[in-house]
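For reference, the structure is listed below as structure tokens.
Nothing in this text is a laboratory measurement; each read-out follows from the coordinates by a stated rule. The structure presented is a predicted model; accordingly, all values stated were derived computationally and were not measured. All Cβ positions, glycine included, derive from the backbone under ideal geometry; neighbour counts span all protein chains shown.
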């Protein structure tokens, strides 16, 4: 089946880069070297994908609760999320290690397809945020029945 | 694109951990460790790990944390892929001041908390000074 999709000029390049990075990590990863740190430095890292009816966005947000997060879809294809993670500690502590991050973030993403802002479903489970957005009818692939004459 | 971020992302580094039969990549979870007068507390970010999928062990002075992550995405291709999904593993050597029998762990919202209470004999004690 053929399908027409919007052309993403950097999609192929990115795809190649990812495969290359994976391969390098596979070869050198065992030695504990981090040769190819994630290309994105924005927080939180987001994975975006789609199927015929929905666009999905997922982010790892451990320690967040739904009231700490604000999710907005605007202008059909702009997804914004904001959040805050606070550190609550007993008064007097001695630190051994501090690697986890705290503070606030805001991130705006452009979605690959236009979605219906009224049909957005967000779930936060075990520190993983999944946003499921219904595509607007125009963005869905249409199956056209070809009639025999 | 307005991006004002003050938090850092997950470390996508692989560690030399014992190999599993499932194969794949282990991720090193980020941890905070702090100490109070009574205990050492370890907080560990393990997004996607359900409490029942955690394996926390203390053996020969080594605390190992293993979190199994279920595959939850199966797209043919991503538009954007900024992190990978895999199991978490990390281990620490724990000093003899910890009372192994009293170690406890909880997991909530993808954050594992391990309490390592200190043995009574190493806890700081306040000695009352008497006037003479």
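A Förster radius of 45 Å combined with the Cβ-Cβ distance from residue A:102 to residue B:55 puts the calculated FRET efficiency at roughly 0.95.
Per-residue shielding of B:119-127, expressed as the average number of other chain Cβ atoms within 10 Å of the residue Cβ, stands at 0.
Averaged across B:65-75, how many Cβ atoms of other chains sit within 10 Å of each residue's Cβ atom? Before the final figure, lay out the partial values.
Working: counts 0, 0, 1, 0, 2, 1, 0, 4, 5, 2, 6.
Counting other chains' Cβ atoms within 10 Å and averaging over B:65-75 gives 2.
How well do other chains shield peptide A:88-95, expressed as the mean number of their Cβ atoms within 10 Å of each residue Cβ?
Details: counts 0, 5, 6, 1, 4, 8, 6, 4.
Average neighbour count from other chains, rounded to a whole number: 4.
In whole angstrom, how far apart do the alpha carbon centroids of segment A:62-107 and segment B:46-97 sit? About 20 Å separates the Cα centre of segment A:62-107 from the one of segment B:46-97. Run the quick spin-label model on residue B:37 and residue B:101: label points 7 Å from Cα toward the beta carbon, then report their separation in nm to one decimal. Simple spin-label model gives 2.4 nm for this pair. Remark: spin-label model distance residue A:84-residue A:125 equals 2.8 nm, labels positioned 7 Å along the Cα→Cβ axis. Working note: Cα gyration tensor of segment B:60-132, eigenvalues times five, square-rooted, sorted largest first, giving semi-axes of 44, 14, 10 Å. With a simple spin-label model that places each label point 7 Å from the Cα along the Cα-to-Cβ direction, the separation between residue A:146 and residue B:73 comes to 3.5 nm. The listed peptides A:83-90, B:102-109, ordered by packing as a protection proxy, come out as B:102-109, A:83-90 (highest mean of other Cβ atoms within 10 Å first).
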